[in-house]
Amino acid sequence: MRTQPINEQERERAFSSVKKPEVTERQQLDVRYHVEDHEVTGRPRAFLEAFAAILRHTNYRMALEHFVRVSAKCARCAVQCPVYQATNDVKDIPCYRSELLLSVYRRHFTMSGSLIGRLTGTGHLTDETVQQMAESFWNCTACRRCTIECPVGIDHALITHLGRFILSEIGIAPRALVVSTREQLEGKTGNTSAVPVPALSDTLEFLEEDMEEEKGVPIKFPLDVEGAEYLFTPAVSDFLMEAETLMGIAAVFAATGGSWTISTNYFDAINYGLFYNDRILERVIRKLYSETERLKTRAILIGECGHASRTAKYYVPVHCGGDQAKPVYNIMEYTYRMYKEGKLKLQPGTITEKVTYHDPCNIARQGWIVDQPRELIRAFCSDVVEMQPLGQDNICCGGGGGTVSIDEIRPYRTTVGGKAKADQIRATGAKYLIAPCANCKKQLRELVEDQEIDCEVVGLHDLIYKAIMFEGQPAEMQTAQEKG
Amino acid sequence: MPTFTHGDISIEVDEDGFMEEPDQWNEEIAKALATTEGVDEMTEEHWKLVNYLRDYYLKFGIAPMIRKLCKETGFPLKKVYELFPSGPAKGACKVAGLAKPTGCV
């Protein structure tokens, strides 16, 4: 992967400060995201205490012990990092970033490191390093390409994740994420976008009317059905932003006779804990799981959202019963299975414009969902072009790792984080960019707007909605072609 | 807490310029907030959008789904962006006095 480094003008745009000087002064923190006020005196000590507590109660020490021994700082990850490729700043090389935290670990939490440090009187964690970490760890989009490339197997994304976790324990975390999870776990609405239940019902009724009008068959969003096979939870923002994605999913269930339900008690799969705090991550997972138990569904089905799918799939077993936990699927797995079983019929050639598919990092990097959507797309799109690299090696949309929700860093996301992606998209000349992830969709829409690329960002089910065929559907409504 | 001042108007806003107390909203405040969104004059079409958002918000406690907003006002999304260049969630909602949207919006 190669992308041209940004020029001076772009650099200025990407890194300009968003904060008033008095806020920076008060918080003694010059980062580009908003942070809630926190205790600024004694931050290094607080950081070390939080770090120590985390090491005591988790398995991170095992990983860190290994990483500090094998880290060769060879910088092979540099060629894989879209952020470094764009900034050309040595501080953005993944192993440089990781070393910020590894050196703290080495100095304060290993025998030899603390011995040498005490003898020479050097290496104490300073407030300056805490500030450096606060900036650096949020310059990363957590796409994990570096992790695949590292010859000694250092998981840089895990180190960044841990660094953010420790920082959040001392009050340094992007406010956008903090207020969202606060509403989700402690607020009145119980979801990150603060959608009240009456608004949810109104929205779904509105969509049901539209679908019946457009498809000529009744298509429903079943609410609170006890004993349904799937508890369906999308990123809650879909109920505000992604009408067509939800309609496509409902249409797939209607066409295949699937048993599913949305819970009005909890309808948000977003888990920002993945991006900044393991304790939050666990609480959100438990909240999701208790809902599947309450409604006695067989499985959890996550909508078009990468991080939500990844957290549910990998952390439900961790926190909710191991092998005995109910299974978690992504909606594309269901749709794909229905297609392969012949229950879902898609009209070939429904979409004739050029389309391309963007792999969301959180479902593609581990090779979980790569081929399934492509096979679906080829079933009804006649002109499919691929971006390179793709699948497990894909390039991040530029808004991963929670950064997309931080509006104040949009210029950074669309100038630096998403630069390599923008090059890829431009090279395809595609009319439709299919991105089955709420996070990627938001970022890519902002990216194509800011980078002036003429292409429409859609979800996979948005297009499936156009191509889906129903039994008993009025003839004139079959294969309703695109209306643009 | 930052304060937004425009003419005789002085209100509490967050760092992104959204009202801290949406209940205090009135048309004069809307006009003032519009200037921060590059809208110097609120036309009939601007008001149609803002009033629809405001009514929905008072009824349901949140902004409507974008598809619903477009359908009910008759404005395609492109038109919404023409009216409020930062878009429905960040631009129009701000002028309608809604709180800043949270989560993945």
message = Let me make sure I get this right: for region A:223-296, a, b and c are the square roots of the gyration tensor eigenvalues over alpha carbons, sorted descending. Under 1.5 in a/c it's rounded, otherwise prolate if a/b > b/c, else oblate. Which is it?
response = oblate
request  = Taking amide H positions as placed in the peptide plane 1.01 Å from N, state which residues far from residue A:270 in sequence (5 or more) or on other chains have amide H under 5 Å from it.
outcome  = A:236
note = Here P(r) for region A:323-405, Cα-Cα distances in 10 Å bins, as whole percents, is 16, 39, 35, 10, 1
ask   = Of A:245, A:192, how do they rank once you tally other Cβ atoms within 10 Å and put the fewest first?
value = A:245, A:192
ask   = Restricting to region A:345-477, what percent of DSSP beta bridges are antiparallel, rounded to 5?
value = 20 percent
remark   = Cα-Cα longer than 24 Å, checked against A:20/B:100; A:220/A:313; A:19/B:59; A:442/B:48; B:48/B:68, kept in input order, equals A:220/A:313; A:19/B:59; A:442/B:48
ask   = the protein assembly as shown: Rg/Rh from Cα coordinates, Kirkwood Rh?
value = 0.96
remark   = Any residue on another chain or 5+ positions along whose placed amide H is under 5 Å from the amide H of residue A:223 is listed here as A:262
inquiry  = Give me a comma-separated list of calculated 3J(HN,Hα) values for region A:440-447, in order, Karplus coefficients 6.51, -1.76, 1.60 applied at θ = phi - 60°, integers in Hz, x for any Gly or Pro.
reply    = 4, 4, 4, 4, 5, 5, 5, 5
request  = Please work out how much length the chain gains when fully extended from residue A:3 to residue A:386, using 0.36 nm per residue of separation minus the C-alpha to C-alpha distance, in nm with one decimal.
outcome  = 136.1 nm
message = Taking just the alpha carbons, could you work out the radius of gyration and Dmax for region A:189-338, both in angstroms?
response = 14.7, 47
key: Computed over region A:9-150: relative contact order in percent, which uses C-alpha pairs under 8 Å that are six or more apart   = 27 percent
note = Two pseudo-spin positions, 7 Å from Cα along C-beta at residue B:71 and at residue B:59, lie apart in nanometres by 1.3 nm
query = Rounded to the nearest 20 Debye, what is the dipole magnitude of chain B about its Cα centre when Lys and Arg each give +1 and Asp and Glu each give -1 at the C-beta?
reply = 740 debye
task = Express in nm, to one decimal, how much length is gained between residue A:17 and residue A:49 on full extension, taking 0.36 nm for each residue of separation and deducting their alpha carbon distance.
result = 8.5 nm
message = Please give me, ordered by residue number, the GluC sites (Glu not before Pro) of region B:25-59 that lie in loop per DSSP and have at most 12 other Cβ atoms within 10 Å.
response = B:41
ask   = Nearest-5 percent of antiparallel DSSP beta bridges in the protein assembly as shown?
value = 30 percent
ask   = Roughly how crowded by other chains is peptide A:240-246, in terms of the mean Cβ count from those chains within 10 Å of each of its Cβ atoms?
value = 5
request  = Could you tell me the distance between the Cα centroids of region A:290-337 and region B:21-99, to the nearest Å?
outcome  = 37 Å
remark   = Among A:219, A:254, A:448, the residue whose Cα sits farthest towards the positive end of the charge dipole of chain A, when +1 is placed on the Cβ of each Lys and Arg and -1 on the Cβ of each Asp and Glu, is A:448
key: Pairs of alpha carbons in region B:3-95 whose separation is greater than 20 Å (percent)   = 30 percent
task = Using the Cα centre as the reference, give the magnitude of the dipole from point charges on the C-beta atoms of region A:189-338 (Lys, Arg: +1; Asp, Glu: -1; all else neutral), rounded to the nearest 20 debye.
result = 880 debye
note = If the chain between residue A:213 and residue A:340 were fully extended at 0.36 nm per residue, the gain over the current Cα-Cα distance would be 42.9 nm
query = At 222 nm, what helix-only mean residue ellipticity would chain A give, in deg cm²/dmol to the nearest 500, using -39500 (n - 2.57) for each DSSP H run of four or more?
reply = -15000 deg cm²/dmol
task = Enumerate by residue number the GluC sites (Glu not before Pro) in region A:430-461 meeting two conditions: DSSP loop (anything except H, G, I, E, B), and at most 16 other Cβ atoms within 10 Å of the site's Cβ.
result = A:452
inquiry  = If I fit a long axis through the Cα atoms of helix A:94-109 and take the longest principal axis of the Cα atoms of chain A, what angle between them do I get, 0 to 90°, rounded to 10?
reply    = 50 degrees
note = Going residue by residue through region A:204-212, the Karplus relation 6.51 cos²θ - 1.76 cosθ + 1.60 with θ = phi - 60° gives ³J(HN,Hα) values, rounded to whole Hz and with x marking Gly or Pro, of 5, 4, 4, 5, 4, 4, 4, 5, 5
request  = Evaluate the distance, in nm, between pseudo-label points positioned 7 Å from the Cα of residue A:131 and of residue B:47 along their respective Cα→Cβ axes.
outcome  = 5.0 nm
request  = Kindly express, to the nearest 10 degrees and within the range 0 to 90, the angle between helix A:306-319's C-alpha long axis and the longest C-alpha principal axis of chain A.
outcome  = 70 degrees
remark   = Exposure-ranked with fewest Cβ neighbours within 10 Å first, A:447, A:204, A:125 stand as A:125, A:204, A:447
query = Using 7 Å Cα-to-Cβ label points, what is the residue B:79/residue A:88 separation (nm, one decimal)?
reply = 4.7 nm
task = Give me A:307, A:34 ranked fewest to most by other Cβ atoms within 10 Å of their Cβ, as a rough exposure proxy.
result = A:34, A:307
ask   = Looking at A:275, A:121, A:85, which one has the Cα that reaches farthest to the positive end of the dipole of chain A (charges on Cβ: Lys, Arg +1; Asp, Glu -1)?
value = A:121
key: Relative contact order (%) - criterion: Cα under 8 Å, at least six apart; region: chain A   = 17 percent
ask   = Rounded, prolate or oblate: which fits region A:8-173 when a ≥ b ≥ c are the square roots of the eigenvalues of the alpha-carbon gyration tensor, with rounded for a/c under 1.5 and prolate only if a/b beats b/c?
value = oblate
query = With charges set only on the Cβ (+1 for Lys and Arg, -1 for Asp and Glu), what does the dipole of the protein assembly as shown come to about its Cα centre, in debye to the nearest 20?
reply = 2460 debye
task = Identify the trypsin sites (Lys or Arg not before Pro) of region A:1-59 meeting these criteria: DSSP loop state and at most 12 other C-beta atoms within 10 Å of the C-beta.
result = A:2
inquiry  = I need the per residue convex hull volume for region A:345-477, using only the alpha carbons, in cubic angstrom as a whole number.
reply    = 109 Å³
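Where a number appears in this text, it was derived from the coordinates with a stated rule and is not lab data. These numbers were taken from a predicted model, which means no experiment stands behind them. Backbone-built Cβ (ideal geometry, glycine too); neighbour counts: all protein chains shown.
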